[in-house]
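The values are calculated or read from the model by the stated rules, or taken from the named source; none is laboratory data. Quick caveat, the model's predicted, so the values are computed rather than measured. Cβ sites come from the backbone with ideal geometry, for glycine too, and all protein chains shown count toward neighbours. The area values use the complete protein model at the heavy-atom level, side chains included, leaving out ligands, DNA and RNA. Shrake-Rupley method; radii C 1.70, N 1.55, O 1.52, S 1.80 Å.
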Amino acid sequence: MEFDEVIRRRRMVRGYDPDRPLPPELVDKIVQHGLRAPSAGFSQGWSFLVLTAPEDRERFWAVTASGEGAAGGWLQRMSTAPLVIVAFSNKSVYLDRYAESDKGWTDRDEARWPVPYWDIDAGFAALLMHLTAVNEGLGSCFIGLPAATVGDFMSAFGVPDEFTPIGALTVGYRGADKRSPSLRRGHRPVADVVHYGRWA
């Protein structure tokens, strides 16, 4: 698919065909493309938990699906995805990398970072995985983990404390889906969000 077409087709898909598993080589391709993302200082402070086994995916949904509306149709459709990839950032990898001689921030002071690039870079990697899924004719959706469930999720999957889950991608062949009602808001006008030369 041409890149322009990938961008046009990109959607957050919340419904998957439960009877169509993903071939392992396609899962590997999606993950490998994510590892091509840029990272500050080539720190690569990301990690990914790839869930394909039904019992692992069931555990993921059991520990993360909570709150108002969790039992509704969106979760039933979303939880049929044959692939869940949880993206993690690791701040300490960046602080260590920038304390090396070619960077020289030996104090490891987090205040030197105007924004948390560890989270941004993990997001870039997740986006490349998402776009790879679209390019392969698959559906995909990036979701956040409810804050109240993060501790249970980390324990359930044995994730070390230095990793922060920034979100999860669901991936699979499209099934019954329902467009988000938020889309009714429409795109913001370009003139409101793009500024050339200066903000005014």
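For the range 1-38, GluC sites (Glu not before Pro) are listed when DSSP marks them as loop and at most 15 other Cβ atoms sit within 10 Å of their Cβ; the list is GLU2. Simple rule: put +1 on each Lys or Arg Cβ and -1 on each Asp or Glu Cβ in the chain, find the dipole, and look at VAL31, THR170, ALA53; the Cα lying farthest toward the positive end is THR170. Look at [x] 18.5, 54; [y] 17.7, 57; [z] 16.5, 55: the one that is Rg and Dmax of the Cα atoms in Å derived from this structure is [x].
Residues of the chain were split at every exposed loop site, defined as chymotrypsin sites (Phe, Trp or Tyr not before Pro) in a DSSP loop with at most 11 other C-beta atoms within 10 angstrom, and the longest piece left, sites excluded, is 1-195. Between HIS33, HIS130, HIS187, the GNM of the chain built on Cα springs shorter than 10 angstrom shows HIS187 fluctuating the most.
Solvent exposure of SER180, expressed as accessible area, is near 30 Å², computed with a probe of 1.4 Å over the protein chains only.
Return the lysines within reach of LYS91: Cα separation strictly under 18 angstrom, same-chain partners fewer than 8 residues apart disregarded; answer none if there are no such residues. Within reach: LYS103.
Highest mobility in the GNM of the chain, judged by mean-square fluctuation with C-alpha springs under 10 Å and restricted to ARG11, ARG188, ARG36, is found for ARG188.
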